[in-house]
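First up is the structure itself, then whatever we jot down about it.
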């Protein structure tokens, strides 16, 4: 009788597994059906056919004359009359902070450079901003907008952040370290944002930051050498980033970081950065639990990732949660690109990442791994906020060279769940896969180093990890 009961339980367990697997595969196939619905909602803003040339407001394109006042006057005039293009003609225009207003398109003409001052005093007074996932009052971003609608940066010109002076604040005597730790302490203790005063300190400003804005377009321009993250939309929605080139080899020089945003299209952009190329974020630790807004509906199409810590990245500031990320038809290739697809979190962050779909990606070479999901990023001490990562799908991925094909490390009591690779060819991997604390990992038509590999061929460990590998 006991043997029969045991057999029935085994059969029932197998049936349940098949049902769950069928549901997971169905989800993987159905996810891409959401893309046309999301794209239908992402509509770039349009502007009245009026031009406001900054030279008419006193700007001089010699790269030496301070044109800050001219930018302010031109933007104010465009906004006051109902909107239009604030035109930057050919030449080099030195300026401090630029604050965009509703219905204004900052048009940087071919041959034009907006050359941002590297004097920190030109980015005061402090504004309401976010730094590594924590809100504070800090230096103004170089281009900033707060609670505005219908704003754009377009054209074929260049925005030069002149970040090299700022980059020296990263480490060493008088570095950002003390201010960074103090900011994180304020966030942990729930100090009111208006009392988190850092303007005049050492927290480097973001380069372009629309904060709580709607209907945003950044198209065609080259953005280079930002002090910190280059493009950082926060708590904003209906965003189009198209045909943009980002060049910045400095520390923490992320290319594009949508944070707590909704409905974002990133199309035909090129990234060559000192940190992550695209890093999708949703706030850090206790401060993100206070704000409690996820990032959702991010579409990445036809982009080229060169140098950087990762091509398409989620985290590590992702406490508010990230869902519905779609990346397709991209090229990632550089001996200085560490990973292709990377999800990074830990038990201090908590939060969730779910419904990630990546397909048709050509990886020439990456230093470390084609797919890395790591729950041990930075803060590895034990904490109470278990991160949740589920439903990650990679399809039609080719890779020519990497240290590992897969690096997946979940927590013993919070495993990574539902990872699926289909029709992938991952060649010239020097080291074995690292797969720890992963449930429901599925491989279909996958070749690693020329050999067909199924789930049964993988060594999946389940263990408590006390320190980094």
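The values are calculated or read from the model by the stated rules, or taken from the named source; none is laboratory data. Here the structure is a predicted model, which is why all the values come from computation and not from measurement. No Cβ is skipped: glycine too gets one built from the backbone with ideal geometry, and neighbour counts run over all protein chains shown.
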Notebook entry, point to check: How many residues does the range 147-198 contain that are more than 30 Å from residue 219 (Cβ to Cβ) and in a helix (DSSP H, G or I)?
Noted result: 16
Next item on the list: Would you mind telling me which numbered condition in (1) surrounded by fewer than 16 Cβ atoms within 10 Å (Cβ to Cβ); (2) over 31 Å from the mean Cα position of the chain (by Cα) residue 70 fails?
Entry: (1)
Note to self: List the strands (runs of 3 or more DSSP E) inside the range 57-143, counting only whole elements, that have at least 1 residues being modelled with pLDDT of 95 or more and within 23 Å of residue 183 (Cα to Cα).
What the structure shows: 127-131, 134-138
Margin query: Just checking: which of the strands (runs of 3 or more DSSP E) contained wholly in the range 261-302 hold 1 or more residues that are in contact with a helix residue (DSSP H, G or I) (Cβ under 6 Å, 6 or more places away or on another chain), touching a residue at least 60 places away in the same chain (Cβ under 8 Å) and at positive phi?
Written below: 262-267, 295-301
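Scan the range 206-220 residue by residue and report those that are farther than 16 Å from residue 132 by Cβ and outside any strand (DSSP E or B).
Of the residues in the range 206-220, the ones farther than 16 Å from residue 132 by Cβ are 208, 210, 212-220.
Hits for the range 206-220 are 212, 213, 220.
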Notebook entry, point to check: Here is a list of conditions, (1) outside any loop (DSSP other than H, G, I, E, B); (2) touching a residue at least 60 places away in the same chain (Cβ under 8 Å); (3) buried (at least 17 other Cβ atoms within 10 Å of the Cβ), and residue 203 meets all of them except one; can you say which number that is?
Noted result: (1)
Item checked: Which numbered condition residue 223 fails, given (1) part of a loop (DSSP other than H, G, I, E, B); (2) within 19 Å of residue 143 (Cα to Cα); (3) assigned by TED's automatic domain parsing to the domain that holds residue 151 -> (1)
Next item on the list: Filter the range 226-242 for residues that are in a strand (DSSP E or B) and surrounded by fewer than 24 Cβ atoms within 10 Å (Cβ to Cβ) and give the result.
Entry: 237, 238, 240, 242
Item checked: Whichever residue in the range 377-399 is more than 14 Å from residue 419 (Cα to Cα) and under 19 Å from the mean Cα position of the chain (by Cα) and, among such residues, is surrounded by the most Cβ atoms within 10 Å (Cβ to Cβ) -> 387
Margin query: If a residue must be more than 18 Å from residue 274 (Cα to Cα) and either modelled with pLDDT of 95 or more or crowded, with 20+ Cβ neighbours inside 10 Å (or both), how many such residues does the range 147-172 contain?
Written below: 12
Notebook entry, point to check: Can you tell me which residues in the range 113-146 are surrounded by fewer than 23 Cβ atoms within 10 Å (Cβ to Cβ) and under 19 Å from residue 220 (Cα atoms)?
Noted result: 113, 115
Note to self: Out of the residues in the range 172-190 meeting the condition of being touching a residue at least 24 places away in the same chain (Cβ under 8 Å) and more than 24 Å from residue 288 (Cα to Cα), tell me which one is nearest to the chain's Cα centre (by Cα).
What the structure shows: 175
